[in-house]
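Worksheet for the structure shown next.
The values are calculated or read from the model by the stated rules, or taken from the named source; none is laboratory data. Note that the structure is a prediction, hence the values are computed from the model and not measured. No Cβ is skipped: glycine too gets one built from the backbone with ideal geometry, and neighbour counts run over all protein chains shown. These area figures cover heavy atoms from the full protein model, side chains too; ligands, DNA and RNA do not enter into them. Shrake-Rupley method; radii C 1.70, N 1.55, O 1.52, S 1.80 Å.
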Amino acid sequence: RIFLINDNEDNQAGYIGAIKTGKYLTEKGRDVFLVKLPRPQGSSKIDLNEYLKDHTAGELQAEMELAKSVVQLLIDQLPPDYLKAQASIQNEIAPLLLDMDEGKLLHFIKLISKKTGTTAKVIAAEVDSARIARDKKEAEEKQRSEIQVDPEIEEAAAALAKDPQLFRKRLDIINDAGVVGER
């Protein structure tokens, strides 16, 4: 488990950065939680250093116990209507669920279906769709990386690279093109 303790500020910059980092780590298979530090009355910002000046490690531990996972925070932000939430589910949440173990996956599917007023089957279909899209993208990238170079072109390039007169020939071509004073 990873706990991200970002600055709690009026402009939400720390929260936005923590969500971005949390999404990345979640995609990599980590359980990521965001700790929201309580801001003192009248203050526009607090960070961990400031928090620890006036609070104990036990109080920080209590805040960590209240922390929500990145996926839970994203689910909490969904509108209560599936059709309005669908784009966020497809683009923000489903990609985070793809490599989760079945228990966590079912847990989050249930939370999303409850939040959006649809069935778990519909949400599972969104996750499957995201998985198919990811697999297709990975297959296309793999295919692109396996494209074979024409052996004649590869042989000509190797000969060119080994030519001891390469730079001289390049200069001659540039001079023949009418460029002057570039030697």
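Looking at 71, 122, can you tell me which residue is within 30 Å of residue 36 (Cα to Cα) and of a type in the set (A, V, I, L, M)? Full working, then the answer.
On the way: 122 fails: within 30 Å of residue 36 (Cα to Cα).
From the options 71, 122, the qualifying one is 71.
With the checklist (1) more than 19 Å from residue 20 (Cβ to Cβ); (2) of a type outside the set (A, V, I, L, M); (3) open to solvent by less than 80 Å² (accessible area, probe 1.4 Å) in hand, flag the one item residue 69 doesn't pass.
Against the list (1) more than 19 Å from residue 20 (Cβ to Cβ); (2) of a type outside the set (A, V, I, L, M); (3) open to solvent by less than 80 Å² (accessible area, probe 1.4 Å), residue 69 comes up short only on (1).
Restrict the check to segment 123-143 and report whether at least one residue is surrounded by 17 or more Cβ atoms within 10 Å (Cβ to Cβ), without any contact (Cβ under 8 Å) to a residue 12 or more places away in the chain and of a type in the set (Gly, Ala, Ser).
Within segment 123-143, not a single residue is surrounded by 17 or more Cβ atoms within 10 Å (Cβ to Cβ), without any contact (Cβ under 8 Å) to a residue 12 or more places away in the chain and of a type in the set (Gly, Ala, Ser).
Could you check, for segment 107-122, whether at least one of its residues is in a helix (DSSP H, G or I), aromatic (Phe, Trp, Tyr) and open to solvent by 50 Å² or more (accessible area, probe 1.4 Å)? Please lay out each step first, then the result.
If we filter segment 107-122 for residues that are in a helix (DSSP H, G or I), which is where we start, we get 107-116, 120-122.
Still in the list and also aromatic (Phe, Trp, Tyr): 108.
Then drop every residue that is not open to solvent by 50 Å² or more (accessible area, probe 1.4 Å), which leaves none.
No, because not a single residue in segment 107-122 is in a helix (DSSP H, G or I), aromatic (Phe, Trp, Tyr) and open to solvent by 50 Å² or more (accessible area, probe 1.4 Å).
Residues 94, 18, 62: which one is more than 28 Å from residue 122 (Cα to Cα) and within 15 Å of the chain's Cα centre (by Cα)? Steps first, please.
On the way: 94 fails: more than 28 Å from residue 122 (Cα to Cα); 62 fails: within 15 Å of the chain's Cα centre (by Cα).
Unique residue meeting the criteria: 18.
Mind listing just one residue for me: the one in segment 80-103 that is among the charged types (D, E, K, R) and in contact (Cβ under 8 Å) with a residue 40 or more places away in the chain and, of those, surrounded by the most Cβ atoms within 10 Å (Cβ to Cβ)?
The initial filter retains those residues of segment 80-103 that are among the charged types (D, E, K, R), namely 81, 84, 92, 99, 101-102.
When the remaining residues are screened for being in contact (Cβ under 8 Å) with a residue 40 or more places away in the chain, the result is 92, 99.
Numbers: 92: 17, 99: 14.
The selected residue is 92.
Output the number of the condition that residue 151 fails; it satisfies all remaining conditions of (1) surrounded by fewer than 10 Cβ atoms within 10 Å (Cβ to Cβ); (2) of a type outside the set (Lys, Arg); (3) within 30 Å of residue 78 (Cα to Cα).
(3)
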